[in-house]
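The values are calculated or read from the model by the stated rules, or taken from the named source; none is laboratory data. All figures in this text were calculated on a predicted structure; none of them were measured in a lab. Positions of Cβ are generated from backbone atoms using ideal geometry, with glycine treated the same way; all protein chains shown enter the neighbour counts. Heads up: the accessible areas ignore ligands, DNA and RNA and are worked out on the full protein's heavy atoms, side chains in. Shrake-Rupley method; radii C 1.70, N 1.55, O 1.52, S 1.80 Å.
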Amino acid sequence: MRPLVARQACLEALGRIGTAHPEVVPALMATLRAADDGDAAAVLREGAADAVALIGPAAAPVVPALIRAAGDAHEPVRRKVFIALGTMGGQTEIALPTMIEAMAFDESPAVRDAAEEALAKVGPAAIPALVQVLRDDDVELRLRAARALRRMGGIARSAKNDLRTALHDADAGVRIEAAGALLQLTDDPGEYLPTLVECLTSRERGVRMQASQLLIDLGPPARPAASLLEDLLDHERPEVRRLAAETLKKMKVAPPAR
């Protein structure tokens with residue numbers, strides 16, 4: 001077995017051993033902190049992050065080393081760092097600024113995605129930071145913040161008022177994510193049904209399809225939206241008319257006679 005492959009296998013084994021052995025966490029910290037910027041060392045840092053992800057919250061002492069590795073020059077290392085942080089839940093509160101910064105500014109979309117997902121997994125501690133981002137001028141950041149809050153489900157209850165505000169965002173993607181989040185947070189479908197129906201008219205196909213599926217999945221609580229959907233059967237754009245009719249049909253609400 002080649003030396004690098006053997007060392008990768010050792011790192012995977014350390015991840016499976018976890019905190020059952022007291023030297024595992026220090027070994028992973030040392031690997032993550034390695035100053036060597038060569039490709040081989042980067043592969044090992046990536047393997048160390050994978051091992052931390054296997055261990056999860058019990059590897060919390062590694063968080064400072066992960067924060068440092070979040071600035072690694074190698075994209076795969078940074079991505080694995082945020083995946084590892086995402087496995088630790090509330091243990092990663094000190095890494096929140098690093099996660100927000102990566103979600104906002106990392107040059108790699110894959111790293112930005114991993115940071116967003118990690119923030120969603122942090123839980124309540126991440127909500128104030130995400131709410132602040134939800135008010136940012138950058139539409140991508142608002143979208144990511146709304147999506148992270150939606151992923152939290154009922155945990156994001158303290159962000160309910162901010163999500164209500166986001167229902168009126170200038171961007172349809174932000175609006176649909178806010179509606180999807182509120183769907184999990186309120187018993188009053190009247191709060192988000194108008195936004196879901198409005199999103200059926202979006203120029204973005206992905207937003208239209210999300211809105212349709214959410215209405216269908218809601219079942220009986222979506223029935224008050226039937227009249228609004230019927231209004232869309234006369235919409236000027238054929239794709240909106242078709243989707244409104246399909247949505248009504250799948251909601252078991254027949255469109256009016258034509």
Legend entry - Label-point separation, residue 4 to residue 223 (7 Å along Cα→Cβ), nm: 6.3 nm
Legend entry - Size of electric dipole in the range 1-123: Cβ of Lys, Arg +1 and of Asp, Glu -1, about Cα centre, debye, nearest 20: 360 debye
Legend entry - Whole-number Å³ per residue for the convex hull built on Cα positions in the range 25-110: 78 Å³
Inset, instruction - Divide, for the range 197-258, the radius of gyration over alpha carbons by 2.2 N^0.38 Å, where N is the residue count. - result: 0.98
Inset, instruction - Could you please put 135, 79 in sequence from largest to smallest accessible area, using a 1.4 Å probe? - result: 135, 79
Legend entry - In sequence order, calculated HN-Hα J values of the range 163-171 (Karplus, 6.51, -1.76, 1.60; Hz; x Gly/Pro): 5, 4, 5, 5, 4, 10, 4, 5, 9
Legend entry - Computed label-point distance, nm, for sites residue 249 and residue 108 using a 7 Å Cα→Cβ extension: 4.4 nm
Legend entry - Only Lys, Arg (+1) and Asp, Glu (-1) charged, at Cβ; the chain dipole about Cα centre in debye: 740 debye
Inset, instruction - Calculate, for residue 58 and residue 125, the FRET efficiency according to 1/(1 + (r/R0)^6) with r their C-beta to C-beta distance and R0 25 Å; round to the nearest 0.05. - result: 0.85
Legend entry - Cα Rg, Dmax, the range 113-174, angstrom units: 10.3, 28
Inset, instruction - Residues in the range 3-37, backbone N under 15 Å from the label point at residue 73 (7 Å along the Cα-to-beta-carbon vector): list them, ranges by number please. - result: 34-37
Legend entry - For peptides 120-130, 218-228, sequence by mean Cβ density within 10 Å, most packed first: 120-130, 218-228
Legend entry - Under the span-like rule (Cα at least 15 Å along the axis, Kyte-Doolittle mean at least 1.0), DSSP H helices of the chain: 39-55, 172-183
